[in-house]
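The values are calculated or read from the model by the stated rules, or taken from the named source; none is laboratory data. Just so it is clear, the model here is predicted, and its values are computed rather than measured. Note that we place each Cβ from the backbone using ideal geometry, even for glycine, and neighbour counts take in every protein chain shown.
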Amino acid sequence: MTPSSPHDNAKLQDLAPDRKAQGEALSTNQGARIADNQNSLRAGTRGPTLLEDFVLREKITHFDHERIPERVVHARGEAAHGVFQVYESLADLTCAGFLQDPAKQTPVFVRFSTVAGSRGSADTVRDVRGFAVKFYTDEGVFDLVGNNIPVFFIQDAIKFPDLVHALKPEPDSEMPQAASAHDTFWDFISLMPESTHMILWLMSDRAIPRSHRMMEGFGVHTFRLVNASGHARFVKFHWKPVLGIHALAWDEAQKLAGHDADFHRRDLWEAIQAGDYPEWELGLQIVEEADADRLGFDLLDATKLIPENLVPVRRVGRLTLNRNPDNFFAETEQVAFHPGNLVPGIDFTADPLLQGRLFSYLDTQLLRLGGPNFHEIPINRGICPFHNNQRDGFKRHAIATGRVAYEPNSLADGAPHEVAPEAGGFHSVPEPLNSPKLRIRSASFGEHFEQARLFWISQSGIEQDHIVEAFTFELGKVTVPAVRERMVKVLETVDAALAQRVAEGLGLVAGGKPPAQTATPLQPSPELSMIGSGDGSIRTRKVAILVADGVDDAALDAVRRALETGGAHALLIAARLGTFTAASGATLQVDHTFATMPSVAFDAVFVPGGAVETLSNSGEAVYYLLEAYKHGKAIAATGEAVDLFDEIGILPDDCGGSLNGVVCQCDGATLETVAERFIAAIARHRFWQRGDKHLIPA
Ligand code: HDE
C-alpha cells in the first residue's frame, strides 16, 4: 500500500467528501452562507459601498495577503510526492529506521529548483538545480537538502550572502533575471579561487538539464552514518537517475525559456500524470573515519568530491515520485526544508558550510512562513507522534491540553520524557574537540584547482567544447574587460587549452603560467561525464511526427507503434489544429501546431512520406527539422521524406553505417528496420558531434 502523505487529512475536500452532491454552499471563513457573490453592499443602487460589508472585506483582506516572501534563493521550483524504499537492510551502517527494512515504504516530498531566479522565472536557465528530499520517517522528518552538482562555490557559510548578492540581479537595475552572465557574478567568482571547481560544473551541461527526471542529486557535504553500536562512518549521498543524466543544447535552453518558461515544471507534472514515475537510486560513498586522511583532500571542504573511481557508489535504495501536489501554494511553496532535520543514525560533520546552513534554514522560514509554528503546516508535519513543551506563537494550530508545559514535572507523570539513545533517542557522535577559538580557514582547504582539472579531463571532447562555449558566452556578456581577463587567468590554473580556447572566443590572449603539476598525474574519473549514462531506453521521450494531407499513415502507424512500445510518447504536429486526411483516406487528429509545440519541446522528430510537398513548402516545417538537427536530436524519414532531408541539407546516416542520428529509410529497408534504428538513435539522447550544426540556419 502506498503510504498516505502526512497532510492528507488537511485537505478541504476531506472535510466534505462529496461536496457537489451535498450542494456545497459558498460561505465566509466563519461559515456564514453567502447569498450574493457578484455585488458589494451599497447605499442605494449607485451609492457608496458600506464599511459593514463583511463579505467584501473578508474576501479582499484575504486576497491582499495572498503573497508571502519568495525564498531568498531557490525561489523557482516544483515538487512531487513519492516513496523511498531501501533494497536491503543497512543496519551495518546506520540505525536509521527507514533504512532497515526493504518492505518499508517511506513517504517523501521532493522539491526541485533553480537558485538565482525569482518565483516566476524560466526553468531552463543555466543554473545549479536544488534537489531537496523530505523523508517522513517513523522516527521523525529527515531532510536531504541537496543540489544536482556535488560541490559548492564556497567553503565557509560566511561567504554565502556575498555569493548570492553577486549572482542575483544587480541591485541598481534589477537585471539580469535568473542569469549568471553578468558583471557582478564574474567579478566575485574571478576573485574567489575556491569557486573554480564549481564554476566548471556550472559551465558544463549539468547546468542545463533536459529534465529534473534526468539529473543527479548530491547531498554535497560529508555527513555521518552511525550504526546501533555507535560506529560512525563518513558518507556522501547521491541520487542516480534511472533514465540517465541528460542535457539540453544551450541554444535550445534559451529558446525554451521563451517558448515554455515552465518546461521542467510541465515535464515533471506530465510525467507523473502519465504514470511515467520518475525514479532515482540512492547511492552512498562510505569512508571509514580512519581512512579520511588518505583521500588527499579534506572531506569537510564542500568544494571537493570523492571521485567514484576512488570510492565507488553503493546503490542502496529507490526513490519514486508518483503523485503531483494538490495545491502548489499549500505544499510546494510552504514546504520548509532544513538540513538540521535529522533522525537517529545520521549525523553532521563540522563542514563549515553545513554548519552555517544549520542556522539559516530555520531562520529564513520565520520570515517566509511568518513565525515559529511552520512545522504545523500540513506539508511540514511529520507522520510520527511528537510531544514537547513548546507552546504558543503566531498561527499555533495544535490545542495543547493540560496545565503542564515544563520538564521536569510530576503533575503529568514526567511526560513528555527523554528517551535514551539505546531506546531511539537522538544522540550526537561524540566527536573529540580540543582547539583554540579561531577565525581561520584550515590549511587543508587551501588547494582549489586539482579537482577542477580532474573534472575538465574527465569530460568527453564534446562536453569540453560545451564548457568552452559556455565560458565564452557568459564572459562575453561581462562588460568590464578586467573581469574577463582575470577569469581567463583563473582558467590558466586549471588547463592551458581551456584558457586558450576561452581567451580566443573573447578576443584575448592567454599566456601566463601553465597549471601546476600534481605529484602523480591525475586519472580521469569517467563518472564525471554525462555521456552514455542511463538505462539506454527511450522511456518517456517525446517524439514529434510531422503531418499534412496525404501523409503515409502506414509508415506513421508502424513507427508510432514501435515508439510507444518502447515507452516514448508520439504526438502529431502540423501547420494547424484539426484533422488531416492520410494517404489511406483515414482521418488523423492533430495534437499541436508547429507554433504551439516547437521542435525544442521534443526529443526527436519523424517525417513519414506522402505529405512532403506541403512540408517542403512550409518555412515552419523546414525550420522545425533544421532546428531539431541543429540541437543534435534523432530525426527520421521514410519514403519521399528522405528527399526532403536531402533538399534542406540534412545529411542522412549511411545505410547501416556510422550513426549520426539521421535515420532515413534506405532502399528496401522495412519500416521495422527504420523504427529500430530510430529508437536506437533516440536512446543515445543527442548527437552532439554533428560538426555542421554551426552552418544550420535555425
Ligand atoms: Fe541553501 N538555502 N544555503 N544550499 N538551499 C535555502 O532556505 C543557505 C546550500 C538548497 O526547495 C534557503 O528555505 C546557506 C548548499 C536547496 O525549499 C536558505 C548556504 C546546498 C534549497 C538557504 C546554503 C543548498 C536551499 C532559502 C551556505 C546544496 C531549496 C529558502 C552556507 C547542498 C530548498 C529556504 C527548497 C534553500 C541558505 C548553501 C541547497 C536561505 C546559508 C551547499 C535545495 O535558508
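Details
- The single residue among N309, N322, N327 that is within 22 Å of E289 (Cβ to Cβ), of a type in the set (S, T, N, Q) and more than 15 Å from the ligand (Cβ to nearest atom) turns out to be N309.
- When residues of the stretch 134-187 are limited to those that are surrounded by fewer than 17 Cβ atoms within 10 Å (Cβ to Cβ) and either among the hydroxyl-bearing types (S, T, Y) or in a strand (DSSP E or B) (or both), the one farthest from the chain's Cα centre (by Cα): S173
- Qualifying residue in the stretch 473-480 (condition: modelled with pLDDT of 95 or more, within 27 Å of P352 (Cβ to Cβ) and out of contact with any Ser or Thr (no Cβ under 9 Å at 6 or more places or on another chain)): no
- Of all residues making up the stretch 568-579, the number that are assigned to a strand (DSSP E or B) and closer than 18 Å to T614 by Cα: 4
- Enumeration of residues in the stretch 345-378 that are more than 7 Å from the ligand (Cβ to nearest atom) and over 30 Å from L299 (Cβ atoms): L366, L367, L369, G370, G371, P372, N373, F374, H375, E376, I377, P378
- Test: F131 is within 13 Å of the ligand (Cβ to nearest atom) and not in a loop (DSSP other than H, G, I, E, B): yes
- Residues that are closer than 29 Å to M214 by Cα and touching a Gly at 6+ places or on another chain (Cβ under 8 Å), drawn from the stretch 641-681: D653, G661, I679, A681
- Search result, residues across the stretch 118-168 that are touching an Asp or Glu at 6+ places or on another chain (Cβ under 9 Å) and within 30 Å of G424 (Cβ to Cβ): F131, A132, V133, K134, F135
- Number of positions in the stretch 79-108 that are within 16 Å of the ligand (Cβ to nearest atom) and farther than 17 Å from F237 by Cα: 4
- Qualifying residue in the stretch 652-660 (condition: among the hydrophobic types (A, V, I, L, M, F, W, C), within 23 Å of K542 (Cα to Cα), within 37 Å of the chain's Cα centre (by Cα) and surrounded by 18 or more Cβ atoms within 10 Å (Cβ to Cβ)): no
- Cross-chain or 6+ apart pairs with Cβ under 7 Å, the stretch 243-265 first and in contact (Cβ under 8 Å) with a residue 12 or more places away in the chain, then among the acidic types (D, E) and part of a loop (DSSP other than H, G, I, E, B): L243/D535; G244/D535; I245/E216; A261/D123; D262/D123; F263/D123; H264/D123; R265/D123
- Qualifying residue in the stretch 287-299 (condition: in contact with a Leu (Cβ under 7 Å, 6 or more places away or on another chain) and aromatic (F, W, Y)): no
- When G382, G424 are screened for being under 38 Å from the mean Cα position of the chain (by Cα), under 17 Å from L342 (Cα atoms) and at pLDDT below 95, only G424 passes.
- In this structure, P161 qualifies as farther than 30 Å from A96 by Cα and modelled with pLDDT of 95 or more.
- The condition of being away from the ligand (no atom under 16 Å from the Cβ), at pLDDT below 95, assigned to a loop (DSSP other than H, G, I, E, B) and on the phi > 0 side of the Ramachandran plot does not hold for G31.
- Helices (runs of 4 or more DSSP H) fully within the stretch 580-698 that include at least 1 residues being in contact (Cβ under 8 Å) with a residue 40 or more places away in the chain and out of contact with any strand residue (DSSP E or B) (no Cβ under 6 Å at 6 or more places or on another chain): 612-616, 619-630, 671-683.
The rows are residues; the columns are (1) within 16 Å of the ligand (Cβ to nearest atom); (2) closer than 23 Å to Y361 by Cβ; (3) charged (D, E, K, R).
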| position | (1), (2), (3) |
| --- | --- |
| F152 | yes, yes, no |
| K159 | yes, yes, yes |
| A166 | yes, yes, no |
| P171 | no, no, no |
| Q177 | no, no, no |
| D187 | no, no, yes |
| E194 | yes, yes, yes |
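- Residues of the stretch 489-544 that are polar (S, T, N, Q) and touching a residue at least 24 places away in the same chain (Cβ under 8 Å): T493, T518, Q523, S525, S529, S533, S537, T540.
- Entry remark, the stretch 285-321: residues being of a type in the set (V, I, T), in a loop (DSSP other than H, G, I, E, B) and more than 19 Å from E527 (Cα to Cα) number 0 in total.
- Meets criteria (near the ligand (Cβ under 10 Å from one of its atoms), touching a residue at least 24 places away in the same chain (Cβ under 8 Å) and closer than 24 Å to W269 by Cα) for R71: yes
- Pairs with Cβ under 7 Å, 6+ apart, first in the stretch 180-195 and closer than 23 Å to P150 by Cβ, second among the small types (G, A, S): S180/A116; F185/A166; F188/A166; I189/S195
- Taken as a whole, the structure leaves L342 outside the set of residues that are assigned to a strand (DSSP E or B), away from the ligand (no atom under 13 Å from the Cβ) and at negative phi.
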